[in-house]
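Undergrad: Next up is a structure, given as C-alpha cells.
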Number of protein chains: 2
Amino acid sequence: METLPSGPATINDVAARAGVGVGTVSRVLNGRTNVRPVTRAKVLDAIEALKYRPSSIARNLSLRRTHVIGVVVPFFTSHSAVERVRGVASVLGRSPYDLMLFDIEAEDRREHAFRLFDRGDRSDGLLLLSLVPPDDEVERLRAARLPCVLVDAPHPGFPSIVIDDVRGGELATKHLIELGHRLIAFVGDKPPDPFRFASSRDRTLGYERALSQAGIEARPEFVREGTQSHQVARGIAIDLLRLPQRPTAVFAASDAQALGVLEAARILGIRVPQELSVVGFDDVEVAALVGLTTVRQPLFESGRRGAELLLQLVAGGADQVVEPVVEQLPVEVVIRSTTAAPG
Amino acid sequence: METLPSGPATINDVAARAGVGVGTVSRVLNGRTNVRPVTRAKVLDAIEALKYRPSSIARNLSLRRTHVIGVVVPFFTSHSAVERVRGVASVLGRSPYDLMLFDIEAEDRREHAFRLFDRGDRSDGLLLLSLVPPDDEVERLRAARLPCVLVDAPHPGFPSIVIDDVRGGELATKHLIELGHRLIAFVGDKPPDPFRFASSRDRTLGYERALSQAGIEARPEFVREGTQSHQVARGIAIDLLRLPQRPTAVFAASDAQALGVLEAARILGIRVPQELSVVGFDDVEVAALVGLTTVRQPLFESGRRGAELLLQLVAGGADQVVEPVVEQLPVEVVIRSTTAAPG
DNA sequence: TTGAAAGCGATACCAG
DNA sequence: CTGGTATCGCTTTCAA
C-alpha cells in the first residue's frame with residue numbers, strides 16, 4: 001500500500017497523495033488564488049483523507065514569526081495584574097495571536113532573564129506589565145527588533161501605557177483633606193527591586209504634594225512601607241493605629257493594602273469610617289464588594305490598549321520607526337463607604 | 001570584513017567564526033562532554049563575540065518539542081479559573097516549560113477548535129481546565145500523542161484532577177439543614193454548553209440528595225439556573241426572594257453566584273444571616289473578605305497537581321501507557337458569617 | 001498554473 | 001573528538 005504513517009501527515013504526504021508538488025499544497029493552504037480549481041480540489045481531498053494539519057512549528061521557522069505574544073508579568077498573584085492580563089487576553093482572543101505568559105514571580109530571576117530574552121524568537125512581540133526591563137535587556141530587545149510595549153511602567157525607549165500615579169495619590173489625599181482630615185497616614189510598597197516599577201513611590205509623591213498644598217505638615221512616622229500583600233499591610237497598619245497620635249485616615253497605595261488596613265481596624269476595634277477613613281488604589285473588583293473608597297485606574301483597559309498597540313507594532317513590521325509614545329489613562333476617585341469626615 | 005550581519009547570528013556564523021563545524025557548536029551548546037577544551041573555548045568566544053543566542057524555533061523543529069505547556073481555560077474571567085492558573089504557573093515557573101494560555105471564552109468557538117488543536121504541536125502537553133473536550137478532539141489529541149490532563153472535569157480517556165461535586169453540594173445543604181433550615185433554595189449554572197464541564201449539575205445532585213435524606217420535599221420553584229456572573233445570580237435571587245413562600249436559605253453553586261445572592265438580599269433589605277442564610281462554593285479569596293460561608297475546594301492546589309501530573313507525562317515520553325487516573329481532592333465546608341439558624 | 005529546489009536554524013548520525 | 005550532511009516541515013523564488 002502506501003508508506004506507513006509514521007507520525008502525523010506532513011505536507012509531503014499530502015502532495016504525494018494529491019499528485020502535486022508541495023509548493024502547490026502550500027499555496028492551497030495559504031489561500032493563494034493562483035491554483036486551478038481542479039488542482040485545489042485534489043489537494044483539499046488529500047488533506048481531508050490524511051487528516052492533515054500543518055505544523056505551526058515548521059511554519060514558524062520558515063516565516064520567521066511565531067504568532068505568539070509574550071506577556072511578562074511580575075507578581076501574577078495580584079488582582080491588578082490579573083485584571084490587566086484579562087484585558088490583554090480579550091484582544092488577543094480576536095487575533096491570530098496566542099498568549100504566552102511569563103510569570104517572573106514564580107521563577108528565579110537569573111533563569112528568567114536567560115530564558116525569556118534568550119533570543120526573543122519565542123514571540124513576535126512582548127508586553128511588559130508593571131516592570132521596567134534592565135538596560136542590557138532593553139538593548140537586546142532592540143537589537144532583536146522585537147516589538148515591545150510597557151504597561152504600568154515608563155521607559156524612554158518603548159511606547160507605554162501608564163497612569164499619572166502622582167496625580168492619583170494627590171486625588172486620594174485631597175479627598176481626605178476635603179473631608180476635614182489632617183492626620184493622614186500612607187501605607188505603600190517597599191522600595192522597588194530593580195525589575196519592578198515603582199508606582200507606589202509616585203503615589204507617595206502625590207500624597208506629599210497634596211499635604212503640602214493644604215499646608216499640612218508631613219509626619220515621617222505616618223509614612224509606612226511594606227509589600228503588596230494585605231497581610232503585611234495589616235501588620236503595618238496595626239503599628240500605625242497604635243501610635244500615641246493616631247491617624248484619622250489612611251491612604252494605601254493599593255486596594256490589597258487597603259484591605260489590610262481595614263482588617264487592622266477591625267482587629268483593633270476601630271470603626272470605619274467613623275473613627276478611621278481608608279482610601280485604596282486600583283479599584284479591583286473586591287473594592288466594590290467591600291465598599292472601599294479608592295482611586296480607580298483602568299486596569300483591564302490598560303491591558304487592552306497595550307495589546308492593541310503591540311499588535312499594531314507587530315503588524316507594522318520590523319523596519320518601522322517606533323516612537324516611544326506614552327499613553328496616559330485617566331484616574332478618578334471612587335467614593336464609597338470607607339471614608340467620611342473625621343469623628 | 002566579515003559577512004554583513006543580516007539579522008541575528010546563527011549557529012553557522014558561530015561555526016564559521018570559530019573555525020569549526022556546526023556540529024561542534026551544537027555540542028558545546030548542549031553541554032556535551034566530548035569536546036576538547038580548546039575547541040570549546042574557541043566556540044564560546046565566538047558565541048560571546050557574536051552575541052549569539054540559539055533560535056528556539058529551529059530547536060523546536062529539530063527536537064520535535066516546544067518546551068511549552070498549553071493551558072486551556074474557559075471563562076478566564078472567573079476567580080476560580082485564575083486561582084487554578086496560578087497553581088499551574090507556580091509549577092511551570094520552576095520547570096523549563098513556558099505557559100501558553102488559551103482563553104476560549106475570548107474567542108469564537110470554531111476558530112478556537114481549529115487553532116488550538118490544529119496539530120497539537122504548539123505545546124508538549126495540554127492542561128484542560130473545567131472543560132471536557134468533544135469526542136473528535138479527544139481522538140485527535142490521542143492520535144497526536146499529546147499528553148493531556150484535565151482539571152475540574154472528568155473524562156474516561158485522560159487522567160484528571162477533580163473534586164466530588166455531589167458531596168460538596170451535599171455538605172453545603174446538610175450544613176443548612178443542621179442549622180434548622182427547611183426552605184432551602186439552589187442557585188446554579190445554566191445547563192452546560194458542549195464544552196464546559198457541568199460541575200454545577202453535580203452540586204445540584206448533592207443538594208437534592210441532602211434534602212431527600214433529611215426527608216425534605218424538593219420544591220422545583222426553589223431551583224434556579226443562570227450564569228456564573230454575580231449580576232445574573234442577583235437577578236435570579238431577587239425573583240427567589242420575592243416568592244410568596246420565601247426560602248430561608250440559599251445554596252449557590254459558586255461564590256460568584258453567592259455574592260449575587262448577597263447583593264439581592266441587601267437590595268431587598270433582607271438581613272443576612274438573620275433572615276437569610278447563604279452558602280457558596282469554591283472559597284475564592286473574596287469569600288473570606290466578605291465572611292461568606294462556603295464549600296472550599298483546593299483551587300490553587302488543583303492547578304498545581306494537574307501541572308505536576310502533566311509534566312510527569314510529558315517527561316515519560318509519547319510511548320508510555322497512560323492510565324486515566326482520577327485524583328480526587330478534598331472539599332470541606334468553611335463556616336463564616338452568612339449562615340445561622342433560621343430566624 | 002505548477003514543480004523543483006533553496007532556504008529557515010537547529011540536531012544527530014556517520015565517517016574519519 | 002570533529003566535520004559534513006541529512007533531516008525536521010514549511011514557504012518562497014525561479015523556471016518551465
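The values are calculated or read from the model by the stated rules, or taken from the named source; none is laboratory data. Here the structure is a predicted model, which means the values were calculated and not measured. Cβ coordinates were reconstructed from backbone atoms using ideal geometry, including for glycine residues, and neighbour counts include every protein chain displayed. What goes into the accessible areas is simple: the full protein's heavy atoms, side chains included, and nothing from ligands, DNA or RNA. Shrake-Rupley method; radii C 1.70, N 1.55, O 1.52, S 1.80 Å.
Undergrad: Just checking, does the stretch B:236-244 include any residue being under 25 Å from B:Val82 (Cβ atoms) and open to solvent by less than 40 Å² (accessible area, probe 1.4 Å)?
TA: Scanning the stretch B:236-244 turns up at least one residue that is under 25 Å from B:Val82 (Cβ atoms) and open to solvent by less than 40 Å² (accessible area, probe 1.4 Å).
Undergrad: Look through A:Gln245, A:Gln231, A:Gln274 and report the one residue that is part of a loop (DSSP other than H, G, I, E, B) and within 22 Å of B:Gly291 (Cα to Cα).
TA: Being part of a loop (DSSP other than H, G, I, E, B) and within 22 Å of B:Gly291 (Cα to Cα) holds for just one of A:Gln245, A:Gln231, A:Gln274, which is A:Gln274.
Undergrad: Mind counting the residues in the stretch B:156-165 that are surrounded by fewer than 19 Cβ atoms within 10 Å (Cβ to Cβ) and closer than 25 Å to B:Ala252 by Cα?
TA: 1
Undergrad: Would you check which residues across the stretch A:292-303 are within 11 Å of chain B (Cβ to nearest Cβ) and open to solvent by 10 Å² or more (accessible area, probe 1.4 Å) and list them?
TA: A:Phe300
Undergrad: So in the stretch A:130-152, with the set limited to residues that are free of Cβ contacts under 8 Å to residues at least 60 places away in the same chain and in contact with an Asp or Glu (Cβ under 9 Å, 6 or more places away or on another chain), which one is farthest from A:Ile69 (Cα to Cα)?
TA: Looking at residues that are free of Cβ contacts under 8 Å to residues at least 60 places away in the same chain and in contact with an Asp or Glu (Cβ under 9 Å, 6 or more places away or on another chain), I get A:Ala144.
Undergrad: Quick one: would you say A:Val279 is open to solvent by less than 50 Å² (accessible area, probe 1.4 Å) and among the β-branched types (Val, Ile, Thr)?
TA: The answer is yes for A:Val279.
Undergrad: Assuming B:Ala315 fulfils every condition listed in (1) modelled with pLDDT under 95; (2) aliphatic (A, V, I, L, M); (3) in a loop (DSSP other than H, G, I, E, B) apart from one, which condition is it?
TA: Just one mismatch for B:Ala315, condition (3).
Undergrad: Moving on to the next point. Which one is nearest to the other protein chains (Cβ to nearest Cβ) among residues in the stretch A:65-95 that are free of Cβ contacts under 8 Å to residues at least 40 places away in the same chain and not in a helix (DSSP H, G or I)?
TA: Residue satisfying both the conditions and the ranking: A:Gly93.
Per-residue answers, yes or no, for (1) open to solvent by 50 Å² or more (accessible area, probe 1.4 Å); (2) under 22 Å from the mean Cα position of the chain (by Cα):
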| position | (1), (2) |
| --- | --- |
| B:Val138 | no, yes |
| B:Arg167 | yes, yes |
| B:His175 | no, no |
| B:Gly180 | no, no |
| B:Gly188 | no, yes |
| B:Ala198 | no, yes |
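Undergrad: Here's something else I'd like to know. If I filter the stretch B:249-260 for residues that are among the acidic types (Asp, Glu) and open to solvent by 20 Å² or more (accessible area, probe 1.4 Å), do I get at least one hit?
TA: no
Undergrad: Same structure again: Here is a list: A:Gln274, A:Gln257. Which entry is in the same structural domain as A:Ala237 (by TED's automatic domain parsing) and farther than 19 Å from A:His230 by Cα?
TA: Just one listed residue meets the conditions, A:Gln274.
Undergrad: While we're here: Under 7 Å by Cβ, and 6 or more places apart or on different chains, what pairs join a residue from the stretch A:206-230 that is free of Cβ contacts under 8 Å to residues at least 40 places away in the same chain with one that is basic (Lys, Arg)?
TA: Cβ pairs passing all conditions: A:Ile216/A:Arg182; A:Glu225/A:Lys190; A:Gly226/A:Lys190; A:Thr227/A:Lys190.
Undergrad: Can we say B:Pro298 is over 23 Å from the mean Cα position of the chain (by Cα) and at pLDDT 95 or above?
TA: For B:Pro298, the condition - over 23 Å from the mean Cα position of the chain (by Cα) and at pLDDT 95 or above - is not met.
Undergrad: Okay, moving on. Restricting the search to the stretch B:200-235, which residues are at pLDDT 95 or above, crowded, with 16+ Cβ neighbours inside 10 Å and acidic (Asp, Glu)?
TA: Of everything in the stretch B:200-235, just one residue is at pLDDT 95 or above, crowded, with 16+ Cβ neighbours inside 10 Å and acidic (Asp, Glu), namely B:Glu208.
Undergrad: Can you tell me which residue is surrounded by the fewest Cβ atoms within 10 Å (Cβ to Cβ) among those in the stretch A:304-324 that are touching a strand residue (DSSP E or B) at 6+ places or on another chain (Cβ under 8 Å) and closer than 23 Å to A:Ser199 by Cα?
TA: The selected residue is A:Pro324.
Undergrad: Moving on. For residues in the stretch B:140-155 being of a type in the set (A, V, I, L, M) and open to solvent by less than 10 Å² (accessible area, probe 1.4 Å), which is nearest to the other protein chains (Cβ to nearest Cβ)?
TA: Filtering first and then ranking leaves B:Leu141.
Undergrad: Another question, then. Of all residues in the stretch A:15-62, count the ones that are crowded, with 19+ Cβ neighbours inside 10 Å, near DNA strand D (Cβ under 10 Å from one of its atoms) and away from every other protein chain (no Cβ under 13 Å).
TA: Within the stretch A:15-62, residues that are crowded, with 19+ Cβ neighbours inside 10 Å, near DNA strand D (Cβ under 10 Å from one of its atoms) and away from every other protein chain (no Cβ under 13 Å) number 3.
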